[in-house]
Each structure stands twice: as structure tokens, then as C-alpha cells.
Amino acid sequence: MYYVAEINEEACVANKGCRLCIMYCPEANCIMMNDEKKVAFVVESRCKGCELCVVVCDAAKHKAITMQDR
Amino acid sequence: MSKEKIVINPEFWDIIPQDYRDLVDHATYGKTDRGWKDVGSSTELIAEHSLCAGCPESIAFRHIMASIPAPEDTVMVGSTGCTSLVFPMVAVQNIHSLFGNQNAIATGLKRALAYRFPNQTKDVIVLAGDGATVDIGLDMTLQSWFRQEKFTTICFDNELYANTGGQESGLMQKGFVAKMAPQGKKFEKVRLPEIARESGCAYVAVLTTSKPSLVERVVKQAVLIAREIGPTYLQIYTPCILEIGKQSMEGLQEMRDSESAGERFKFREFITPEAQAFIDDMNAKKKADKLAASANN
Ligand SMILES: Cc1ncc(C[n+]2csc(CCOP(=O)(O)OP(=O)(O)O)c2C)c(N)n1
Ligand code: SF4
Ligand code: SF4
Ligand code: SF4
Ligand SMILES: [Mg+2]
């Protein structure tokens, strides 16, 4: 079983320029921008489940990321 | 010089791993204004590695790899420690040196590159832990500065030997108790930034990796000043969350706490007048180019 981050497209405000989770995720090429939809998404196979993205997204009151068991 | 170096013979394209194809298609080699803003929409020059979940070394690595001005013409020199677990997954030429020898290797490398490619600019960047930079490699670190070797030294300061389980390092804080240093450190944290300044570094900065825009600015300055003027040194706090007993998501807050007023990683930089004049000149030229470009539109 894996523990990974998941981004709720409705709550993500990347269209307003937010890049917090992309900035601070320790893993490279792990949270990416969907340039068409203008939302961030997680490449699950690269996620180590550290939850730092949840911390920064919640601190900015966007609350768009939750952790999931897979 | 740009991506030409990594482009694949079309006949082999179908057997090339996807990660490599992504680099060819979407990495920012050759982009003159590359920076951390590219991340998320381009392929980064660092891939899946084995650092702990949430490790700030990993965040710092990402910010640095996004910021180095000319990755296709850069050779990095690493040393033993947690950083050496990342280098095999870095898409910039790099050399692993014996623990502590990194600044000696970089010296020879920089000189050889200048000799071999007299008409090209080649940047050399050392990236090593505090144990490698300040303890075992201190002689090589200092001698390269005394000799005014033109490359950048970056120290990932996590204030202990992380890779071997938490022994005392010269950059550990006084009184700090670690797993393998149970009596607490008896001496002050070595003031390497000040030593770097006095040893002839043209530019020195102390920071954490909590602000990618700041990391980008100092990395670019450090590399460009090293190209033109002399040695440069960056000391970046990358706390070892594992050894200081933090959770995987607490590294960023730890860095922010350590950079408030009066704390040991409050941002500071030293720059020689010559290096400052060079940077001012470069910024003035950039401004003039921008103005000229907008006038043409
Ligand atoms: C010549 C030599 N001496 C000792 C070691 C054992 N060793 C491996 S990593 C390490 C500590 C690295 O500490 P640091 O440079 O601070 O990097 P960190 O792991 O903290 O990022 C030591 C002592 C070695 N590999 N080679
Ligand atoms: S931090 Fe949250 S709101 Fe911002 S881009 Fe990431 S998921 Fe979207
Ligand atoms: S949980 Fe950690 S590794 Fe996974 S996406 Fe979030 S910040 Fe990145
Ligand atoms: S041991 Fe410490 S420095 Fe090394 S990868 Fe883990 S958290 Fe990072
Ligand atoms: Mg260390």
C-alpha cells in the first residue's frame, strides 16, 4: 500500500498563479501543472507521501490536497 | 550550445526510457532565463532518488538545478554524504570525489576545462555536505579559496553527518546532542561564511531553501561571479529532519524558524566591490536590453 497526495481540481487555485505545492514538494517532477486545465496534479509514482504539499496548501487556506491510501 | 548534446539518434528513440525522452523534449537546457518558475511546466534536471521523504536537501537540490545558468556547460562535483545519493539522478555532468577532496578535484577540473575548451565558458560547481566541506575537506576548501580558483562551492549544511547516522560536525551548533554525539557539542558552530570572506571569496551567502526566488538569485550570482572574478561560497541550511527528530512535513517550518532575526541562518551575503560592480553592470545591461526589446514591440 502507498500513501500519496491527491489534488482536488475544484479547490486548486493554480489558475490564479499559485505554485506553492510545486515549489516545496521535495521530489522532482512530482507535482506538475496541467497547462490546459490550469490545475496542479500529482505524479503518484514519484510521491513519497511526506505531506509537505498539504501543509503549504492548507496554510494558504486553499485546502486542495488530501492524502490517500492506494 | 544547447540541447544538441543530449539529442538521441532517431533510430534509437523507441528504446530510450521515457525519463530521458522527457529531458530531450521538455528540459530547460539552453534557455537563457531559466529559473525556478519553469518547474511544474518543464522537466527538471533531477529525478527519482533515495533521499528520505520530505528531506530539505531534496528541496534545495530542485531549486538549485532549476537555477544554474548553463546546465549543458556545467560540471558539478559531489562528495560522500546524503547528496551523493542524488547525483546519479542529476542530468548535469558530475563527478563523485573521494570524501573531502571535492574542492581539489574541482580545481583540476576547472583548469583542465579552460585548457581544453579555451573559447567556451564552462562552469564548475561543488555541492557537498557540511562534513565534507568543513571537516574532512576543510584543507581543500580553504586552499582553493586562497588560490582564487574560479568555481562555486555550495555547502548543504544540515549541521551533522546525516548519512552515517548523526555524528558531530564543525557546523553543528554548540550544545547540540545527536544520536552519535551524545555528550553535546562543546564548541561553537564554525563561522565558515566569515572565513570564506577572509579567505578571498568574491561572494558569500548564507540562506535556507525556504524561498526559491532567493535561491535562484544567489545561485546565479555565485556562478556568474565565479566565472569572471573568483571563488564563491553558498551555505544553505538543509535540516536533516531524520536526525533532529522532525516529521517529514516539518522541514520547511524548521528552515523558516532558523532564518528569523538573530537566528543562525538569517539571510546574509558578503560581496567584494569588484563583484558588486560586475553584478550592477550585468543588471544594467539586462535592463537596457529589456527596454530595447519593449521599444521594438
Ligand atoms: C574518506 C571517508 N571517510 C569517511 C567516510 C564515511 N562517511 C560517509 S558519509 C559521511 C558523513 C557525511 O556528512 P556530510 O558531509 O555532512 O553530508 P550529509 O550526509 O550530512 O549530507 C561519512 C563520515 C567516507 N565515506 N569516506
Ligand atoms: S498549493 Fe494547493 S492551490 Fe496551490 S497549486 Fe498546489 S494544490 Fe493548487
Ligand atoms: S506528499 Fe510529499 S512527495 Fe508527495 S506530492 Fe506532496 S510534497 Fe510531494
Ligand atoms: S538522513 Fe537526513 S539529510 Fe539524509 S536523506 Fe534523510 S533527512 Fe535527508
Ligand atoms: Mg551534513
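Looking only at segment B:73-124, residues that are part of a helix (DSSP H, G or I), charged (D, E, K, R) and crowded, with 17+ Cβ neighbours inside 10 Å come to 2 in all.
For segment B:256-278, the criterion of being within 14 Å of chain A (Cβ to nearest Cβ), in contact with a Leu (Cβ under 7 Å, 6 or more places away or on another chain) and either within 30 Å of A:V4 (Cα to Cα) or among the polar types (S, T, N, Q) (or both) is met by no residue. The number of residues in segment B:231-248 that are crowded, with 20+ Cβ neighbours inside 10 Å and farther than 17 Å from B:D157 by Cα comes to 1. Of the set (1) open to solvent by less than 40 Å² (accessible area, probe 1.4 Å); (2) touching a strand residue (DSSP E or B) at 6+ places or on another chain (Cβ under 8 Å); (3) small (G, A, S), all apply to B:G30 but (2).
For segment A:39-56, check the following and say yes or no: at least one residue is closer than 22 Å to B:E44 by Cα, more than 10 Å from chain B (Cβ to nearest Cβ), in contact with a strand residue (DSSP E or B) (Cβ under 9 Å, 6 or more places away or on another chain) and away from ligand 3 (no atom under 12 Å from the Cβ). There is at least one residue in segment A:39-56 that is closer than 22 Å to B:E44 by Cα, more than 10 Å from chain B (Cβ to nearest Cβ), in contact with a strand residue (DSSP E or B) (Cβ under 9 Å, 6 or more places away or on another chain) and away from ligand 3 (no atom under 12 Å from the Cβ).
Within segment B:33-49, if we keep just the residues that are surrounded by fewer than 24 Cβ atoms within 10 Å (Cβ to Cβ) and charged (D, E, K, R), the residue that is nearest to the other protein chains (Cβ to nearest Cβ) turns out to be B:E48.
Residues of segment B:50-68 that are outside any helix (DSSP H, G or I) and either basic (K, R) or crowded, with 21+ Cβ neighbours inside 10 Å (or both): B:L51, B:G54, B:C55, B:I68.
The residues in segment A:4-42 that are of a type outside the set (D, E, K, R), free of Cβ contacts under 8 Å to residues at least 24 places away in the same chain and either buried (at least 17 other Cβ atoms within 10 Å of the Cβ) or within 16 Å of ligand 5 (Cβ to nearest atom) (or both) can be counted, and the count is 6.
The values are calculated or read from the model by the stated rules, or taken from the named source; none is laboratory data. Owing to the predicted nature of the structure, the values given are computational and were not obtained by experimental measurement. Heads up, the Cβs are rebuilt from the backbone with ideal geometry, glycines too, and the neighbour counts pull from every protein chain shown. The accessibility values were calculated without ligands, DNA or RNA, using every heavy atom of the protein model including side chains. Shrake-Rupley method; radii C 1.70, N 1.55, O 1.52, S 1.80 Å.
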